[in-house]
């Protein structure tokens, strides 16, 4: 893909569609008063954020199979901080920052890896995180011992990460508040992904994805940009996780599970991998479908259907729903 | 073949279920049924290759990964819907016989499993190095275009390799099902672990696969013994990360 094509695509920004969608999003809670539906919409926004972060990483050619690790780190760190009585805003941001820091470390390991080597390491990292959380009491008592040996008294609760925990009382409680919080963070995330894709960093990502050797020949610092992609993406994922924890009332190691790692992949591919709108469309369609099937009581068969959707899309619709939507837009708006 | 099927563990699980279903309905010796399910699952592997992986070949490795993720979902949940997710066990006729070696007892099933493993490895080695088809397979793996120019029917080779891979997975699944109880969720982690073994041992090296497998098994069991079951999977990936940092080509160099 040449630079000219990239430019041509980004200047024709689907501005009208997006502002319409934002408007609908703002009005919805006024129309819908059912808390259950609001909750589903909040979950949808959460998944859009998460998918957007995965999409950003995939845009730079690094498809993570264990993105839930960063979701979990963000959620756990922010919950611990808030439980210590520190303001939730600091908690959310520090959760995201620590996720980004861990993402940087994992990114350093992954710089030389491609495709399924990378997939395997990221997938494994999520599994390592589950073991760490489940066995955290050993580490926490070890930390206590070390501090006590130096002479600083430290008595962290060894079981503070075990099992499910959470429930901190945030200032905002009603579903509408959460709705607007998630809506605005989702818009901010998607907008920043859009800006990143159009910036010099975005071109560097695309260049690395298309051909690493050529990109480095043109003077793109591959290691640096790959790490930047990892950090931005994991920051977003950590942020989503940090917001998810108080909304969900509790968090447990399930947040690291394979399900949360694979959902954004399916959503992004459904929408269109490597596009700004892809995660938005995919997140909306897949999550609403998922929840609808859940209401209909298809707890196992919805997973089967998800798999069939993924296979059919990879085979027949590799660019996702975005080209379809673009076609409709071109017809409607000239 | 440089094609990665993350759903290979699912194929193994399907093999165990194929043996289980045939065994319960006919009552034949499970070791005999194993060969039937190897043929069945081999055909299944060929179908996956023909209608799935071949269509995305050359469109980027990512599509192969995504396709196998889809297969994981479909096979796993399809099996759950068809045969429920209860714990199942295949009972072999030798399950009560043990060989007394003084300090330890080994059941015949374990001995048969070890025998099968050695047999399959030897057969695979002979096939890959001794026969024309095996050489064609290795040539295709090394250089797809050059193999095509040499008159090898590359598509048939791809189908064959998928079929053999799936059949061997079915054998592994059956042995697994005889040795320990299983559920439809048994496959995912071993399937991905198999790649870990291959990367630790060195990509495309069969001695590497053996050493990598043994090493991983020993490290895993020691870790479980000393630090508890939660680390069983994690330690495999910790090993993988360490190997990738220190020696990205794996312990052995493959061809």
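Tabulated results
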read-out: Order of A:285, B:175 under a 10 Å beta carbon neighbour criterion, fewest first; value: A:285, B:175
read-out: Distance between the stretch B:125-179 and the stretch A:281-334 - C-alpha centres, whole angstrom; value: 36 Å
read-out: Packing-based exposure ordering (other Cβ within 10 Å, fewest first) of B:57, B:38, B:150; value: B:150, B:57, B:38
read-out: Cα gyration tensor shape of the stretch B:74-178, rounded if a/c is under 1.5, else prolate or oblate by comparing a/b with b/c; value: oblate
read-out: Among B:114, B:72, B:106, residue whose mean-square fluctuation peaks in a GNM of chain B (springs only between Cα atoms under 10 Å); value: B:106
read-out: Highest to lowest packing among A:75-83, A:194-202, A:88-96, scored as the average C-beta count within 10 Å; value: A:75-83, A:88-96, A:194-202
read-out: Relative contact order, percent, the stretch B:181-255 [alpha-carbon distance under 8 Å, six or more residues apart]; value: 40 percent
read-out: Cα-based shape type of the stretch B:8-186, given that a ≥ b ≥ c are square roots of the gyration tensor eigenvalues and the cut on a/c is 1.5; value: oblate
read-out: 13 Å reach of a label modelled at residue B:85, 7 Å along Cα-to-Cβ, counting backbone N of the stretch A:232-265; value: A:258-259
read-out: Spatial separation of Cα centroids for the stretch B:1-33 and the stretch A:71-91, in angstrom; value: 46 Å
read-out: Least to most buried among A:185, B:26, A:44 (fewest other Cβ within 10 Å first); value: B:26, A:185, A:44
read-out: Tensor-based shape of the stretch A:27-139 (alpha-carbon gyration tensor, a/c under 1.5 rounded, otherwise prolate or oblate); value: oblate
read-out: Estimated 222 nm signal from helices in the protein assembly as shown, with DSSP H stretches of n ≥ 4 weighted -39500 (n - 2.57), rounded to 500; value: -24500 deg cm²/dmol
read-out: Shielding by partners - mean other protein chain Cβ count within 10 Å, residues of A:251-258; value: 1
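Readers should treat all values here as calculations from the given coordinates under stated rules, not as data from a laboratory. Predicted, not measured: the structure shown is a model, and the values here were computed from it. Using ideal geometry, Cβ is built from the backbone for each residue, glycine included, and neighbour counts are taken over all protein chains shown.
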